[in-house]
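This report concerns only the one structure given below.
The values are calculated or read from the model by the stated rules, or taken from the named source; none is laboratory data. Fair warning: this is a prediction, and the values are worked out from it, not measured in the lab. When we count neighbours, we look across all protein chains shown, and the Cβ atoms used for this are built from the backbone with ideal geometry, even at glycine. Heavy atoms of the whole protein, side chains included, go into the accessibility calculation; ligands, DNA and RNA do not. Shrake-Rupley method; radii C 1.70, N 1.55, O 1.52, S 1.80 Å.
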Amino acid sequence: MRFKDLASKRVAILGLGREGQSVWRQLRRRYPEMPLGLFEEAPGEDGFSSLLNPLVDQYNLGPLDVSHLKQFDVLVRSAGISPYRQELEQLRLSGMRFTTASSLWFAENPGARTICITGTKGKSTTAALVTHLLKWTGLKACLSGNIGRPMLDCDVNDVDWWVIELSSYQISDLEAAPGYVMILNLSDEHIDWHGGSARYRADKLRLAKLARGKGLIVNAADGVLVKSLDKSGGITWFNRGDGWSAGLDRVTKRQAGGGKAVRVVRGPASLPGKHNMHNLAATLTLLDELGLEIQDLDKALAAFSGLPHRLQTIGTRDGVRYVDDSISTTPVSVVAALETLGTDGMVLLLGGLDRGLDWHQFARGLAGHPPLAIITMPDNGEKVYAALQAAGVDPTGGLHTVDNLSEAVKLAQSLAPDNGCILLSPGAPSFPHFRDFEDRGNQFAAFAGIEKSISGTH
């Protein structure tokens with residue numbers, strides 16, 4: 001479905017976040033007088049509603065109402081609104097047509113050269129790294145999708161490669177023919193939104209089906225991906241055989257058949273930890289597939305600055321280092337943070353939106369060598385606290401639960417030793433207490449008394 005197909009239809013946009021607003025801008029540019037239904041369940045804080053023309057923009061604030069939505073021909077679903085919600089399932093059964101901002105972009109740009117990246121963790125870093133290295137070679141690369149600007153807001157002219165990070169929210173009903181697809185890993189996340197872990201995994205793996213047996217790059221170190229895709233064709237595996245493989249602080253490319261190393265690349269300071277070596281191995285595998293070689297790769301990697309809010313050291317105060325990993329939204333990403341930073345002298349801040357994830361495996365993994373102290377926060381703080389207690393996690397500095405981030409930082413400062421570290425790695429989304437993970441990270445810095453440049457949406 002393209003924008004021209006919407007011209008004579010009664011159209012409503014569900015959700016007025018970044019994607020919904022980008023759809024509204026495109027429709028208004030093409031059809032200034034076209035009546036639109038705009039549906040938002042909670043008031044936004046960005047002043048978007050003040051831009052609307054009440055003569056043509058029908059703004060609706062509050063819960064989605066099926067009887068009202070039936071008045072439209074096409075609903076444009078924003079990524080945050082699950083297609084599995086009862087209201088949307090009911091509308092779909094009645095014959096309602098749906099599309100999304102991502103599907104519209106792909107329909108409008110069938111000839112675009114695209115690299116679509118997904119995974120439970122690491123997709124943002126990998127997408128940013130791919131974009132950085134493509135630009136280093138002199139190519140014009142645009143970073144977009146779930147990171148960077150919404151695709152519909154980007155100038156489609158003068159772009160060699162589109163690097164598109166895609167979340168499971170965007171993939172679940174995506175209509176697209178991507179050029180290259182990278183799948184980094186797969187573990188449970190967003191199971192509340194998808195209605196279960198099986199559907200989450202199926203939606204994530206849907207991107208492999210869209211690749212249509214070509215240009216698919218997959219992590220052979222992830223057992224779920226191997227079990228799900230090993231019999232599929234058209235896959236280039238990393239962490240297997242003669243491809244790029246991740247070590248603790250480097251990646252290695254071996255001879256055919258898994259023989260001796262023919263190339264070793266050390267990870268730069270901006271990519272700490274083995275999990276980032278998997279991201280680097282995926283990126284270098286892609287460059288090989290594209291036929292690109294970077295002569296001074298070490299210099300190119302050293303110039304990569306990493307992502308804000310991803311294991312970002314934001315400063316030191318009173319001898320204590322503060323690390324912002326606010327982008328961490330799963331227990332798996334917390335484990336990666338602790339493996340990278342270590343647990344000695346560490347005060348860990350955990351907790352956020354409860355999406356029904358099971359924290360018991362995470363807790364059992366901490367039982368042998370926990371951080372100095374752990375502080376949990378709403379909304380799932382008490383649930384995480386209970387899982388840690390049940391697993392026998394007994395930090396020297398204790399387990400604690402508090403009511404908000406401000407209290408967590410204040411308590412952490414009283415517990416952290418000299419040369420210690422306070423790590424915000426929540427393992428859960430920021431809603432409803434923060435606007436987004438960036439807002440959470442910036443407030444963490446403010447509560448810590450550390451001045452930092454406030455990052456915009458990257």
* Structure fact -> Over the stretch 368-442, with neighbouring protein chains present, the accessible area per residue in Å² at probe 1.4 Å is 43
* **Segment R206-L297, length gained on full extension (0.36 nm per residue, minus Cα span)** => 29.5 nm
* To do: Starting from the Cα of K140, step 7 Å along the direction of its Cβ; do the same at A269; then give the gap between the two resulting points in nm.
  => 3.4
* Which whole-angstrom value gives the distance between the alpha carbon centres of the stretch 258-317 and the stretch 361-386? -> 30
* **Placed amide H near I117: partners under 5 Å, 5+ positions off or other chain** => I164, E165, L166, M182
* **3J(HN,Hα) from dihedral phi, the stretch 216-229, Karplus parametrisation 6.51/-1.76/1.60, rounded to Hz, x for glycine, proline** => 9, 10, 9, 7, 6, 7, 9, x, 5, 5, 4, 4, 7, 10
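How large is the accessible surface per residue of the stretch 1-127, computed with a 1.4 Å probe and reported in Å² as a whole number? Provide the component values of the computation, followed by the final result.
Values: 5670 Å² over 127 residues.
I get 45 Å² per residue for the stretch 1-127.
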* Taking a ≥ b ≥ c as the square roots of the eigenvalues of the Cα gyration tensor of the stretch 188-310, is the shape rounded (a/c under 1.5), prolate (a/b larger than b/c) or oblate? -> oblate
* To do: Take the alpha-carbon centre of the stretch 159-189, take the same for the stretch 215-252, and report the distance between them in whole Å.
  => 17
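Probe of 1.4 angstrom, ligands and nucleic acids ignored: what's the accessible area per residue over the stretch 190-320, in square angstrom? Could you put the intermediate results ahead of the total?
Details: 6280 Å² over 131 residues.
Accessible surface, normalised per residue, equals 48 Å².
Step through the table entries K4/K227; K140/K260; K140/K227; K231/K260, compare each Cα-Cα distance with 32 Å, and write down the pairs that go over it. Could the numbers behind the result be given before it?
Details: K4/K227 41 Å; K140/K260 35 Å; K140/K227 36 Å; K231/K260 27 Å.
Pairs exceeding the cut-off: K4/K227; K140/K260; K140/K227.
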* To do: Decide, for the stretch 82-125, between rounded, prolate and oblate: order the square roots of the alpha carbon gyration tensor eigenvalues as a ≥ b ≥ c, take rounded if a/c falls under 1.5, and otherwise choose prolate if a/b is larger than b/c, else oblate.
  => oblate
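First check a/c for the stretch 248-293, with a ≥ b ≥ c the square roots of the eigenvalues of its C-alpha gyration tensor; if it is under 1.5, answer rounded, and if not, answer prolate when a/b is larger than b/c or oblate otherwise. It would help to have the intermediate numbers written out before the result.
Details: a/c = 2.20, a/b = 1.32, b/c = 1.67.
Oblate, since a/c reaches 1.5 and b/c is not below a/b.
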* Correct choice for Kirkwood radius over Cα pairs in Å that was computed from the model, options (i) 28.0; (ii) 22.3; (iii) 23.3 -> (iii)
* Determine the calculated [θ] at 222 nm for the chain from helices alone, applying -39500 (n - 2.57) to every DSSP H run no shorter than 4 residues and normalising by the residue count; nearest 500 deg cm²/dmol. => -9500 deg cm²/dmol
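Over the stretch 334-425, calculate the relative contact order: mean separation of alpha carbon pairs under 8 Å at least 6 apart, over the residue count, as a percent.
Numbers: 150 pairs, mean separation 35.1, N = 92.
Contact order relative to length: 38 percent.
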* Size of the dipole of the chain about the Cα centre, Lys and Arg at +1 and Asp and Glu at -1 on the beta carbon, nothing else charged, in debye to 20? -> 1520
* Asked: Roughly speaking, to the nearest percent, how much of the chain's 1.4 Å accessible area is carbon and sulfur?
  -> 48
* Asked: Between L55 and E89, what is the spin-label point distance in nm, taking each point 7 Å from the Cα along the Cα→C-beta axis?
  -> 4.3
